[in-house]
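Student: Shown below is the structure under consideration.
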Amino acid sequence: IMYDLHSHILWGIDDGVKNFEEAKNICKISNSQGVKYIFATPHYIIQEIEQSKEEVIKKINMLNEFCEAERL
């Protein structure tokens with residue numbers, strides 16, 4: 001089992017993926033390469049890259065639901 005400990009998989013937050021579709025594709029590709037856990041680690045820079053805790057949790061939940069449905 002492989003773990004991805006530094007990921008910008010949450011779309012629209014920092015310099016990572018651009019949208020939900022791209023995030024889903026990263027999940028599929030990662031799974032096919034043996035990655036079982038991805039830790040979302042978006043940047044948080046005051047007055048530059050700020051996101052609410054609720055926004056981060058919402059996007060993580062969306063990806064978790066997708067991965068569960070796809071059995072990833």
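Student: For residues that are closer than 17 Å to Glu70 by Cβ and not in a loop (DSSP other than H, G, I, E, B), scanning just segment 34-51, find the one that is least open to solvent (accessible area, probe 1.4 Å). Write out each step before concluding.
Tutor: Start the filter on segment 34-51 by keeping residues that are closer than 17 Å to Glu70 by Cβ, which leaves 34-38.
In the following step, the residues that additionally are not in a loop (DSSP other than H, G, I, E, B) were identified as 35-38.
Details: Val35: 21, Lys36: 111, Tyr37: 116, Ile38: 60 Å².
In this case the residue turns out to be Val35.
Student: Name the one entry in Asn31, Asn25 that is open to solvent by 60 Å² or more (accessible area, probe 1.4 Å), among the polar types (S, T, N, Q), within 14 Å of Leu63 (Cβ to Cβ) and not in a strand (DSSP E or B). Break it down into steps so the answer makes sense when it comes.
Tutor: Working: Asn31 fails: open to solvent by 60 Å² or more (accessible area, probe 1.4 Å).
Result of the check over Asn31, Asn25: Asn25.
Student: Collect the residues in segment 22-38 that are more than 11 Å from the chain's Cα centre (by Cα) and closer than 23 Å to Ser52 by Cα, keeping them in residue-number order.
Tutor: None; the set is empty.
Student: Assess whether Glu65 counts as being at pLDDT 95 or above, among the acidic types (Asp, Glu) and either surrounded by 11 or more Cβ atoms within 10 Å (Cβ to Cβ) or part of a loop (DSSP other than H, G, I, E, B) (or both).
Tutor: Details: at pLDDT 95 or above: yes; among the acidic types (Asp, Glu): yes; either surrounded by 11 or more Cβ atoms within 10 Å (Cβ to Cβ) or part of a loop (DSSP other than H, G, I, E, B) (or both): no.
Criteria not met by Glu65.
The values are calculated or read from the model by the stated rules, or taken from the named source; none is laboratory data. It should be emphasised that the depicted structure is a prediction, and the values quoted were computed from it without experimental measurement. Cβ sites come from the backbone with ideal geometry, for glycine too, and all protein chains shown count toward neighbours. Please note that ligands, DNA and RNA were not included when accessible areas were found on the heavy atoms of the full protein model with its side chains. Shrake-Rupley method; radii C 1.70, N 1.55, O 1.52, S 1.80 Å.
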